[in-house]
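**Student:** Let me begin by handing over the structure; questions about it come next.
The values are calculated or read from the model by the stated rules, or taken from the named source; none is laboratory data. These numbers come from a predicted model, not from an experiment. A quick note on method: Cβ atoms are made from the backbone with ideal geometry, for glycine too, and the neighbour counts reach across all protein chains shown.
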Amino acid sequence: MSEEILGIFPGWMRDKSSKWLAKGWTFNLVFTTDRLVVADMKKRTGNPTFLGEPSYVSSLVSTRDQLKMNQISVENMLKADAENLEIPYSEISSVEMKSPFGVGHRDLLIFTNENWDSPKYSFSIMIRDRYRSVFEEFLRTILPGKM
């Protein structure tokens, strides 16, 4: 069976080396049947002010839209930019959702088999409140027993 894209969600990651000015990257978190791909990274200055909606969730779209998405190559996404990265699901030991107080986003913390005490990856999920339950249910479905 070929790899399929199951969901695409907007994300943001802060550049921790920047002390005084908030800098970071916006990107798409592309969940496939085998891995999580961080693609379409763009460097930004300042905290993001947008809250969007999922770009794609396979269980919520028509069969026609699913067939269109099947035409997109995940490998080409990875090759498009050297900053893009992949996280195979087999490396993920657990994931947690954290909601910083007073902030309009949720943090997705990804723990790997290397270190269970601190997350190896941390991404802010930039979706509106009404899509939070959709995202959480999506994670429970594709990463059963890891959330």
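**Student:** Find the strands (runs of 3 or more DSSP E) located wholly in the range 86-147 whose residues include 2 or more that are among the β-branched types (Val, Ile, Thr), and list them. Working first, answer last.
**Tutor:** Values: elements: 92-98, 106-112, 121-125.
Result: 92-98, 106-112.
**Student:** Report, by residue number, each residue of the range 64-77 that is out of contact with any strand residue (DSSP E or B) (no Cβ under 6 Å at 6 or more places or on another chain) and either at pLDDT below 85 or not in a loop (DSSP other than H, G, I, E, B) (or both).
**Tutor:** The answer is Arg64, Asp65, Gln66, Leu67, Lys68, Asn70, Glu75, Asn76.
**Student:** Of a type outside the set (Val, Ile, Thr), in a loop (DSSP other than H, G, I, E, B) and modelled with pLDDT of 65 or more - does that describe any residue in the range 16-31?
**Tutor:** Checked against the condition, which is being of a type outside the set (Val, Ile, Thr), in a loop (DSSP other than H, G, I, E, B) and modelled with pLDDT of 65 or more, the range 16-31 yields no hits at all.
**Student:** Name, by its number, the condition in (1) assigned to a strand (DSSP E or B); (2) surrounded by 11 or more Cβ atoms within 10 Å (Cβ to Cβ); (3) modelled with pLDDT under 85 that does not hold for Asn47.
**Tutor:** (1)
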